[in-house]
């Protein structure tokens, strides 16, 4: 990983010659995630539910830890199928606490099950998680013209992520604080936070 100053902004300059967001080239896992997943608009409820859960599990840990365990999480939580996870009970909690392939944190495990039940309530009310989440997308004019490393570091949360967090908490969701929700919004493309000179943003793929 080589940090390069481009138009006054620090980016990663990879061995492949591509400029990436400052965090996007430190490991093979990060490069693949940055180039093909992060910031790509997601509107599938299963994918969105998975990302909310994984962002919750990431709290207090590095995202790389979660990335390396992602397939284990998918296996442990039935592919993050909302109805399946909503049906988990005490036996499943104990099973998951014994699963070394995931983050064995009782509160986060129980939160995932709770959030599946809250998501199922959305569905029962005729709503989709996608419509709910994307309803908190910021107005384009409220976003910076050029996203920089400094701007990203100075904005761990936004008014929209705070509002989304409050709305989810009001509906009974947990581990959905405003900083966690901003990371979620970035990852599923509700906002495009690829840096201005990043090759993904330049290609219009964010």
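Taken together, the values in this text are just the output of simple stated rules run on the coordinates, not laboratory data. Everything numeric in this text was worked out from a predicted model, so none of it was measured. Ideal geometry is used to build each Cβ from the backbone, glycine not excepted, and the neighbour counts take in all protein chains shown.
In terms of its C-alpha gyration tensor, segment 14-82 comes out prolate, because a/c is 1.5 or above and the ratio a/b outweighs b/c. Using the Cβ-Cβ distance between residue 72 and residue 174 with R0 set to 30 Å, the FRET efficiency from 1/(1 + (r/R0)^6) comes to roughly 0.85. Going 7 Å from the Cα of residue 43 in the Cα-to-Cβ direction, what parts of segment 132-151 have a backbone nitrogen less than 16 Å from that spot? Output list for this probe position: 132-138.
Taking a ≥ b ≥ c as the square roots of the eigenvalues of the Cα gyration tensor, segment 45-187 is classed as oblate, since a/c reaches at least 1.5 and a/b does not exceed b/c.
Here the peptides 115-125, 50-60 are ranked by packing, the mean other Cβ count within 10 Å, and the order with the highest first is 50-60, 115-125. Sequence-distant contacts, meaning Cα pairs under 8 Å at least 6 residues apart, place the relative contact order of the chain at 28 percent. When the square roots of the Cα gyration tensor eigenvalues are ordered a ≥ b ≥ c, the ratio a/c for segment 1-118 is 1.5 or more and a/b exceeds b/c, which makes its shape prolate. Measuring r between the beta carbons of residue 143 and residue 106 and using R0 = 30 Å, the FRET efficiency lands at 0.20.
Angle of helix 106-124 to the longest C-alpha principal axis of the chain, folded into 0 to 90 degrees and rounded to 10: 80°.
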